[in-house]
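Take a look at the structure set out below.
The values are calculated or read from the model by the stated rules, or taken from the named source; none is laboratory data. Worth saying up front: this structure is predicted, and the values here are computed from it rather than measured. Cβ placement follows ideal geometry from the backbone for every residue including glycine, while neighbour counts extend to all protein chains displayed.
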Amino acid sequence: MIDLINISLQFNGKYLFKDVNYKISSGDRISLVGANGTGKSSLLKIIKGELLPEEGIVQRQKNISIGYLPQELIYHSEKTLLDEALSALTDVIELQKKEKDIQRKLEENNLDEETRDDLIHQLGEIHHKLIDMDSYSAESKVEKILLGLGFKQDEFDRATHTFSGGWQMRIALAKILIAQNDILLLDEPTNHLDLDSLNWLINFLKSYQGALVVVSHDKNFINQVTNKTLEIYLGKVYSFKGDYDSYIKYKSERDLQLIHQYELQQKRIQETQRFIERFRYKATKARQVQSRIKQLEKIELVEIPEKKDDIKIKFPEPIQSGRIPIQLKNISKSYDRKLVLDNINLTIERGEKIAFVGPNGAGKTTLAKIIAGEIDYDFGERIVGYNTFISYYAQDVADNLDPELDIIDSVSGINEEKTLGELRTLLGSFLFSGDDVFKKVGVLSGGEKSRVALCKILLTKANLIVLDEPTNHLDIDSKLILQKALIDFSGTLVIVSHDVDFLRPIANKIVDVRNKNIKIYFGNIDYYLEKHQSQVEENISNTNNSRKNDSSITRKEQKRLEAELRNKRYQATKDLYKEIEQLENQISKLENEQSELHNKMNDNKIYSDPNTIKDISIRLKEIEKDLENLYQVWEEKNNKVNEILEKIS
């Protein structure tokens, strides 16, 4: 499908990678890995054709369609969500346009027989193609993808430009999945997904038939959807057949071997240098000395991996705040009359490390911004405690950095006590060393921008730090470094995150944000997951157990109560179930009729009668529209049933 031949790319005179040769075949499922700044996103852009390599060529199969999801934010037009998503069906749209043009021409009275026959033949070909593409159910498939990625039915008519940045990325991802591309290039596709939509995406990609190249730091995700690993390492690209966990094991063994080879090579170099120094001025050894010098010049030095454990960052010891740095009383917040947070009460105590979790769009970021003082609220009271100093790390970190500034200029002036040398040392701990500090922010990768923003927070002397998805653009090693620093931070911490591995050793209090309210769990993330995952079942179990343990309630009484519950649920849903059954019967009849009409369209004899073709085409469109309406009503009725069953439990 795609051949990379001797591909090289450099930045500021330094090669990101050189002489890359790799073939992406149909059905390949590749995880592209490497430290931040090594050129993963650049390589994806080269594969797509958005970036030209310095050297080498990219050979792409003719007419190949490539879906590319960049890491940077994408903004869409003023179309509705559904229309924007449907616009990805370019092949279907083009064929439907041709279909209308031909039907319009066939209605003309002055056509000769030969022209009419030719148009009928073209129309038949178009209908065959539309059937092969399953175009008649295309809109329902588009809706399923939107729903799978977390959009709600009542948002389908909402203008796309009104969605936030994270949802804009979901729209872009939806269009890529809808377009039925031959190859998908996904750069951090999980950054803006919650657990439900992430699981849906995993299942979708498992059944996807094309090739896949993914850049992601979500280990669970890439383990499930890829079976090959392509690593950018020390300016070269290495291929490994296996999932990410297998690659990590291989990488660990390889690094140990490299270190061993490096030590042996250094030992030989030192021995050679000692020989040269010892006999440099002896005429009898001149030829041997010259031979050893030439040997040294020809040696290809073994490069070893950087020791990440030696890189440490430490938050400055903050000034102690009062016992309660922040308190929220009866806070409510709406956007465009839509209530997001309703009567929130939250007290944050000094030294707490709190994680905000919950579905996307539930208000986690809004709550974090209110705590940080970044946005106003509609009702309630925000009380800032004595001696409280707050720093805020935004989820859309790239928008908060000036792309025209150098890295060193971006962090200058935040803490006047820091000298230029101290700033460079601090940036070095964030992997910006030497001339790297003079790079423009605008050319940095998402992970590098994240590290700059984190560095700025370290300079603020804050005793309450609010971090909104700080791990989104960090590689695994950088996550670990930040994680250690946050564990050691002696101030108060609020983190919005869906990264369980990152939160596990940090958070000691979990705030679940959903349904416009919050629920507090006094424990770590594992405690929360255990409690939340089985909360409904536990409530039922606890009720039953309490009845069992109560000697005054007999087994017979317990059965009676359970029967009452079943009857209550039946009475509340029986009318809805009847309506659902009627809808399913209507849907079944229409689908059968649709299938029969498709079979008729497959019969070449029919194309001799343009009136019949026209009648069938009109009826198919009517059926398609009716089915779409019925599917929507059917889904709404089922959702209503589920809501009732959840309430009566």
**Request:** Scan the helices (runs of 4 or more DSSP H) fully inside region 199-308 and keep the ones with 3 or more residues being aromatic (Phe, Trp, Tyr) and in contact (Cβ under 8 Å) with a residue 24 or more places away in the chain.
**Result:** 244-279
**Prompt:** How many residues does region 477-508 hold that are in contact (Cβ under 8 Å) with a residue 40 or more places away in the chain and either surrounded by fewer than 19 Cβ atoms within 10 Å (Cβ to Cβ) or of a type in the set (Ser, Thr, Tyr) (or both)?
**Reply:** 12
**Message:** Which of the numbered conditions does residue 319 fail, given that it passes all the others? Conditions: (1) aliphatic (A, V, I, L, M); (2) modelled with pLDDT of 90 or more; (3) assigned to a loop (DSSP other than H, G, I, E, B).
**Reply:** (2)
**Complete:** The one condition residue 384 fails out of (1) in contact (Cβ under 8 Å) with a residue 40 or more places away in the chain; (2) closer than 27 Å to residue 167 by Cβ is (2)
**Asked** Can you find a residue in region 458-478 that is out of contact with any Ser or Thr (no Cβ under 6 Å at 6 or more places or on another chain), modelled with pLDDT of 80 or more and of a type in the set (Gly, Ala, Ser)?
**Response** no
**Item:** Residue ranges of helices (runs of 4 or more DSSP H) in region 83-184 with at least 3 members at pLDDT 75 or above, within 19 Å of residue 201 (Cβ to Cβ) and out of contact with any Cys (no Cβ under 7 Å at 6 or more places or on another chain)
**Value:** 138-148, 165-178
**Request:** Identify all residues within region 482-505 that are assigned to a helix (DSSP H, G or I) and modelled with pLDDT of 80 or more; write none if there are none.
**Result:** 482, 483, 484, 485, 486, 487, 488, 502, 503
**Request:** Test residue 404 against the criterion of being modelled with pLDDT of 80 or more, in a loop (DSSP other than H, G, I, E, B) and more than 26 Å from residue 495 (Cα to Cα), and give yes or no.
**Result:** yes
**Request:** From (1) modelled with pLDDT of 85 or more; (2) in a loop (DSSP other than H, G, I, E, B); (3) under 17 Å from residue 236 (Cβ atoms), pick out the condition that doesn't hold for residue 23.
**Result:** (2)
**Item:** Qualifying positions in region 40-65 - part of a loop (DSSP other than H, G, I, E, B), within 29 Å of residue 474 (Cβ to Cβ) and out of contact with any helix residue (DSSP H, G or I) (no Cβ under 9 Å at 6 or more places or on another chain)
**Value:** 49, 54
**Fill in**
Exactly one of 171, 232, 222 is of a type in the set (A, V, I, L, M) and touching a Gly at 6+ places or on another chain (Cβ under 6 Å), and that residue is 232
**Request:** Determine which member of the set 579, 622, 643, 593 is in a helix (DSSP H, G or I) and under 17 Å from residue 153 (Cβ atoms).
**Result:** 643
**Message:** Condition check: part of a strand (DSSP E or B) and buried (at least 21 other Cβ atoms within 10 Å of the Cβ). Does residue 193 satisfy that?
**Reply:** no
**Complete:** If you go through 220, 227, 203, the only one that is at pLDDT 85 or above, over 30 Å from residue 10 (Cα atoms) and surrounded by fewer than 22 Cβ atoms within 10 Å (Cβ to Cβ) is 203
**Item:** Residue match in region 429-450 (condition: at pLDDT 85 or above, of a type in the set (Ser, Thr, Tyr) and not in a helix (DSSP H, G or I))
**Value:** no
